Amino acid sequence: MEEVRRRYRLLARQHHPDLNPDDPEAAGRFRLIAAAFEGIQAVRAEARAKGRSRRNAANYRAPRFTGTEEVFEEFFGISQDGSPLSWSPGADFRYDLEIPLKAAIKGMGTVIRVDQHPNCRPCGGTGLAEGAGYRECPECQGRGRRFGGPGLLRFGPVCEHCRGRGKVVAVPCRHCGGAGWSSQPKEYALQIPPGTQDGARFRIMGEGGAGFLSGPRGNLLVVIHVAPHDFFTRVGNDIHCKVEVSFAEAARGCTIRIPTLDGYQWVDLPPGAQGGWSCRFIGAGAPGTATQSPGDQVNEVIVTTPQNLSFQQRSLLRELDRLEPGPLDRAGHE
């Protein structure tokens, strides 16, 4: 039967009168094709009915076309009133929210304002002026979809002019201009949990676009963007930072003050510390999850080389170089 359907569709496309406007006999051939297919369907229906119980056979009705429109309803899902679409949910709205790194690590509460589009109250969402009605869409002739290219008996994409409804507003509402909705800002309280990653998404159900043909509303998606920090960099649940010390401080050792997300901590830098020396503040990073342990703050020391030295500073460095062991002494010492 699938081959019969395929052949029928090919013949229907070939002889449809809309696709053969210059052929006066196309409509007659099309009706014959439809009648032939109807006969095949009736024979198959009768054969199936004979195999059923008497009660089921009495309730069984063979499909029968009463016009060419029903042929298209059977094979292309297009109803006789020109409404090819069923309901569909509304579109999801997206809101991009940028937060500081500390808020992503520690969590925060905030309020966002999003433009919503509720139905226009004066027209009840119809988009019609008082006492006005709809008219057939001139772009798709009331079908809701556009026809495909020449030689194809199929409907193409949804008509943008009527948005698939097959009809348009005759006289638009003066309050909404025929759109059927108005723009209205709405506030939402949002709680950012501790440890939120960049790119995280939060879904607020039912706060998106209105559904099509009474379909459910879409959702509001809040996408989190963590702003870069001047001092800290997040790596997993750890936060990393680089602390600069002078050559003299690294050589003699000192106590350095290191910023954290909660203030400052003091750390003793040992004498002779080299660039890359690091220490950790346990638990000072992002909180843990079911699959990840809590993070730390990793502090790396960067030894800076002095520039634009004065004469006295250069003299002191030459003296320091003279007092240091030479290459042979170092080898012997090692």
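The values are calculated or read from the model by the stated rules, or taken from the named source; none is laboratory data. Predicted, not measured: the structure shown is a model, and the values here were computed from it. Methodologically, a virtual Cβ is constructed for each residue, glycine included, from the backbone with ideal geometry; neighbour enumeration extends over all protein chains shown. All accessible areas refer to the heavy atoms of the entire protein, side chains included, with ligands and DNA or RNA removed. Shrake-Rupley method; radii C 1.70, N 1.55, O 1.52, S 1.80 Å.
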_Failed criterion for PHE232 (all others in (1) open to solvent by 40 Å² or more (accessible area, probe 1.4 Å); (2) more than 15 Å from PHE93 (Cα to Cα); (3) over 22 Å from the mean Cα position of the chain (by Cα) hold)_ = (1)
*Quick check: anything in the range 237-252 modelled with pLDDT under 95, assigned to a loop (DSSP other than H, G, I, E, B) and buried (at least 16 other Cβ atoms within 10 Å of the Cβ)?*
yes
*Exactly one condition in (1) touching a residue at least 12 places away in the same chain (Cβ under 8 Å); (2) out of contact with any Leu (no Cβ under 9 Å at 6 or more places or on another chain); (3) closer than 30 Å to TYR95 by Cα; (4) of a type outside the set (S, T, N, Q) is not met by ARG201; state its number.*
(2)
*How many residues does the range 203-229 hold that are open to solvent by 70 Å² or more (accessible area, probe 1.4 Å), of a type in the set (A, V, I, L, M) and within 24 Å of GLU160 (Cβ to Cβ)?*
1
*asked:* Considering only residues that are over 41 Å from the mean Cα position of the chain (by Cα) and part of a loop (DSSP other than H, G, I, E, B), which ones fall in the range 273-321?
replied: ALA273, GLN274, GLY275, GLY276, TRP277, THR305, PRO306, GLN307, ASN308, LEU309, SER310
*Would a scan of the range 167-190 turn up a residue that is open to solvent by 30 Å² or more (accessible area, probe 1.4 Å), at pLDDT below 85, of a type in the set (Gly, Ala, Ser) and at positive phi?*
yes
